[in-house]
1. Could you please find all residues in segment 76-85 being surrounded by 19 or more Cβ atoms within 10 Å (Cβ to Cβ) and touching a residue at least 24 places away in the same chain (Cβ under 8 Å)?
2. Among the helices (runs of 4 or more DSSP H) confined wholly to segment 192-275, which include 3 or more residues that are without any contact (Cβ under 8 Å) to a residue 60 or more places away in the chain and surrounded by fewer than 20 Cβ atoms within 10 Å (Cβ to Cβ)?
3. From Ser129, Ser91, grab the single residue that is outside any helix (DSSP H, G or I), open to solvent by 10 Å² or more (accessible area, probe 1.4 Å) and of a type in the set (Gly, Ala, Ser).
4. Can you tell me which residue in segment 422-448 is modelled with the lowest pLDDT, limited to those that are open to solvent by 80 Å² or more (accessible area, probe 1.4 Å) and either in contact with a helix residue (DSSP H, G or I) (Cβ under 6 Å, 6 or more places away or on another chain) or more than 29 Å from Leu331 (Cα to Cα) (or both)?
5. Go through Thr58, Thr50, Thr102, Thr43 for me and flag whichever is open to solvent by 10 Å² or more (accessible area, probe 1.4 Å) and among the polar types (S, T, N, Q).
6. Scan segment 6-28 and tell me whether some residue there is farther than 20 Å from Leu168 by Cα and surrounded by fewer than 22 Cβ atoms within 10 Å (Cβ to Cβ).
7. Report, ordered by the first and then the second residue, all pairs with beta carbons closer than 7 Å, sequence separation of six or more or different chains, a first member in segment 300-328 that is surrounded by fewer than 20 Cβ atoms within 10 Å (Cβ to Cβ), and a second member that is among the hydroxyl-bearing types (Ser, Thr, Tyr).
8. Here are the criteria: (1) surrounded by 20 or more Cβ atoms within 10 Å (Cβ to Cβ); (2) modelled with pLDDT under 85. Tell me which single one Phe173 does not satisfy.
Amino acid sequence: MPSQGAIIAVLALAGLSSSFMFTLVVPIQAKLPELLNASREDTAWVVTATLLAAAVMTPIAGRLGDMYGKRRIVLVLLATLVLGSLIAAVSPGIVGVVIGRTLQGAVTGVVPLGISILRDVLHQDRVGSAIALISATMGVGGALGMPLSALITEYSDWHALFWVSAGLGAIVFALVLLIVPVSVLRTAGRFDYLGAAGLAVGLTGILLAVSRGNEWGWTSPVVLACGIGGAIVLLAWGWYELRIEAPLLDLRVAARRPVLLTNLASVAMGFALFTSNVAYPQILELPPPAGFGLSLLAASLIIAPSGLVMMLLSPVSGRLSLTIGPKALFLLGASALIAAYGFTLLFSSEVWHLLVANLLIGVGIGFGFASMPMLIMRSVPQSETGASNGLNALFRSLGTSTAAAVIGAVLASMSVAQDGVQVPTAEAFRWAYLLGGGGAVAALVIALFIPRHHAPEERHPSLPEPPR
């Protein structure tokens with residue numbers, strides 16, 4: 001039987017690989033029209049497709065994991081990552097790259113599935129710190145992956161990014177197959193194909209409106225059709241899910257006060273996180289006087305320490321959750337994010353100011369992301385952990401998607417010409433910091449109303465207790 005430490009390490013590596021996909025193309029994003037011989041509007045799909053696939057597949061993968069085995073679905077998602085990476089690596093044009101990036105986005109489901117596996121197979125004493133580590137990888141992979149991507153593109157052809165991601169996916173696939181045990185817990189029933197289709201269509205409409213509204217125009221017919229149509233489909237989907245015997249997601253469980261409030265707080269937390277991902281790199285890279293004029297690699301190295309902080313805090317988060325509870329841990333995370341944006345509003349004239357702010361962001365996300373799955377899992381039956389964690393990850397994605405659209409719109413609308421290029425003003429960045437801080441405040445206020453008590457744990461199989 002593999003050691004519990006090895007299981008945790010492999011699932012953490014899977015989580016890092018998953019979140020790395022979101023920053024994989026950041027170094028070449030501005031050059032994509034030239035590299036792919038396509039318009040900027042078309043090349044935006046290289047990022048949008050990954051976002052949509054991640055949002056749609058995460059809750060669906062969670063339900064599939066509950067029904068057919070979590071490790072099995074993790075392996076399927078990793079194989080999809082490898083396939084998508086290979087398609088993008090050999091594609092000279094935009095169609096193949098967009099298809100590949102769509103398949104890469106599906107791998108995001110390994111994080112909530114990995115968290116659920118830990119609950120199934122680890123001894124109770126190790127679950128908290130292990131979940132904190134896996135949760136942290138959602139921020140760590142992006143923060144550490146950005147300088148790695150910048151380094152690869154600086155010294156190699158852009159296709160090398162996808163060859164590297166294919167190799168990484170293959171390695172993680174082999175490790176999961178060899179080390180992660182099969183979880184014996186299954187949920188009976190048929191898979192809700194109609195519910196999965198309805199969720200996919202509704203989410204795609206909403207996220208298209210949010211992610212492309214700034215570019216297409218918020219009042220344009222296509223954005224209104226996507227947004228309103230997506231909302232109508234999701235309402236019909238919810239009505240249908242409440243009336244069938246084996247729904248894709250048990251909305252009655254999702255409507256429980258602790259679960260609902262945690263998911264709403266996750267939207268605000270995701271918004272606060274991604275505001276920093278949009279605003280800080282831009283101000284670091286823009287030429288003076290608008291920014292600091294750093295290269296992408298140098299700017300990435302200022303952002304990366306936040307990921308290291310998240311990783312270092314993961315064992316602390318697990319112990320704190322046991323002593324003060326996951327709700328208090330979430331409140332600590334939200335408070336650190338408020339401090340980060342408050343500091344940036346007061347001090348943002350030197351590069352080291354942004355480094356300090358990013359370290360505080362790392363503390364906030366490290367604590368906040370570690371607490372979310374613990375808040376969810378103490379309030380849902382074990383047979384629902386995969387789907388419930390997937391739904392929570394979806395709410396975080398809604399927050400990050402909204403932040404990307406809103407902060408992008410603010411920076412674009414408050415720009416001036418500088419050397420023939422439109423660059424955001426200092427006032428635009430101040431508004432971005434205010435909005436990011438507002439998201440953190442909203443997360444804190446919502447979390448205050450999450451009940452402290454939790455449902456009794458179901459008995460479940462676990463690996464033998466480690467020797468003391």
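The values are calculated or read from the model by the stated rules, or taken from the named source; none is laboratory data. The shown structure was predicted, so the numbers you read here are calculated from the model rather than taken from an experiment. A quick note on method: Cβ atoms are made from the backbone with ideal geometry, for glycine too, and the neighbour counts reach across all protein chains shown. With ligands, DNA and RNA removed, areas are computed over all heavy atoms of the protein, side chains included. Shrake-Rupley method; radii C 1.70, N 1.55, O 1.52, S 1.80 Å.
1. The answer is Leu77, Leu78, Thr80, Leu81, Val82, Ser85.
2. Fully inside segment 192-275 and qualifying: 193-216, 221-241.
3. Sole residue among the options that is outside any helix (DSSP H, G or I), open to solvent by 10 Å² or more (accessible area, probe 1.4 Å) and of a type in the set (Gly, Ala, Ser): Ser91.
4. Gln422
5. Numbers: Thr58 fails: open to solvent by 10 Å² or more (accessible area, probe 1.4 Å); Thr50 fails: open to solvent by 10 Å² or more (accessible area, probe 1.4 Å); Thr43 fails: open to solvent by 10 Å² or more (accessible area, probe 1.4 Å).
The match here is Thr102.
6. No, that holds for no residue.
7. Short answer, once both residue conditions are applied: Pro315/Ser129; Arg319/Ser129.
8. Status for Phe173: all satisfied but (2).
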